[in-house]
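The values are calculated or read from the model by the stated rules, or taken from the named source; none is laboratory data. Just so we're clear, the structure is a prediction, and the values are computed from it rather than from any experiment. Reconstructed Cβ throughout: ideal geometry from the backbone, glycine too, with neighbour counts over all protein chains shown.
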């Protein structure tokens, strides 16, 4: 399902707003030159997610936002030599109900980070804040679903899938 796409230089996470909103033409030029830009999905001011396309730095990030515009789910893709993407990291966050109960500017109460390697090895980090507790484990997973193609300009539906099995 094709959604409205808006473009900017980047998304300011601390203030939940775009930095330097661009016309599509400028973002297209950045895309074609392999330079960095951000695509906002659904809305310029209250997107459901945003995509940081950084071909010049070798990665693409997809951040899903909750109703408070907090980044609760993050996917980082490494760009491979054949223009494919590999999901190398996923982060899921839960937020504290009240300010100060969680950690940092986002008020995170719990987070899980998954770090994937192409050979199927993976690290899972479970973090709890207030009080702080970290558990880390290593495992092997099927990474077949971690691959995707580098997007054509404006074609982000494949990247904004939350389910990646």
Just to verify a result, which residue in the range 14-58, among those that are in contact with a strand residue (DSSP E or B) (Cβ under 6 Å, 6 or more places away or on another chain) and assigned to a loop (DSSP other than H, G, I, E, B), is surrounded by the fewest Cβ atoms within 10 Å (Cβ to Cβ)?
58
Assess whether residue 102 counts as being closer than 30 Å to residue 132 by Cβ and more than 18 Å from the chain's Cα centre (by Cα).
yes
Selection over the range 136-155 where residues are within 19 Å of residue 89 (Cβ to Cβ) and surrounded by 12 or more Cβ atoms within 10 Å (Cβ to Cβ) yields a count of 9
Yes or no: the range 148-157 includes at least one residue that is closer than 16 Å to residue 13 by Cβ, part of a loop (DSSP other than H, G, I, E, B) and at pLDDT 95 or above.
no
Neighbours by Cβ (under 6 Å, 6+ apart or cross-chain): first from the range 121-138, in the same structural domain as residue 109 (by TED's automatic domain parsing); second in a loop (DSSP other than H, G, I, E, B) and modelled with pLDDT of 90 or more
122/141
Selection from the range 112-135 of residues that are within 17 Å of the chain's Cα centre (by Cα) and either within 18 Å of residue 14 (Cα to Cα) or loosely packed, with under 13 Cβ neighbours inside 10 Å (or both):
none
Inside the range 107-129, the number of residues satisfying the requirement of being part of a loop (DSSP other than H, G, I, E, B) and in contact with a strand residue (DSSP E or B) (Cβ under 7 Å, 6 or more places away or on another chain) is 4
Does the range 64-80 contain any residue that is surrounded by 13 or more Cβ atoms within 10 Å (Cβ to Cβ), in contact with a helix residue (DSSP H, G or I) (Cβ under 7 Å, 6 or more places away or on another chain) and farther than 24 Å from residue 41 by Cα?
no
Does residue 64 satisfy the criteria of being within 26 Å of residue 125 (Cβ to Cβ), in contact (Cβ under 8 Å) with a residue 40 or more places away in the chain and outside the structural domain of residue 128 (by TED's automatic domain parsing)?
yes
In the range 67-98, which residue that is assigned to a strand (DSSP E or B), free of Cβ contacts under 8 Å to residues at least 60 places away in the same chain and more than 13 Å from the chain's Cα centre (by Cα) is farthest from residue 136 (Cα to Cα)?
95
Report the residue count in the range 87-98 for those that are over 17 Å from residue 124 (Cα atoms) and in contact with a helix residue (DSSP H, G or I) (Cβ under 6 Å, 6 or more places away or on another chain).
0
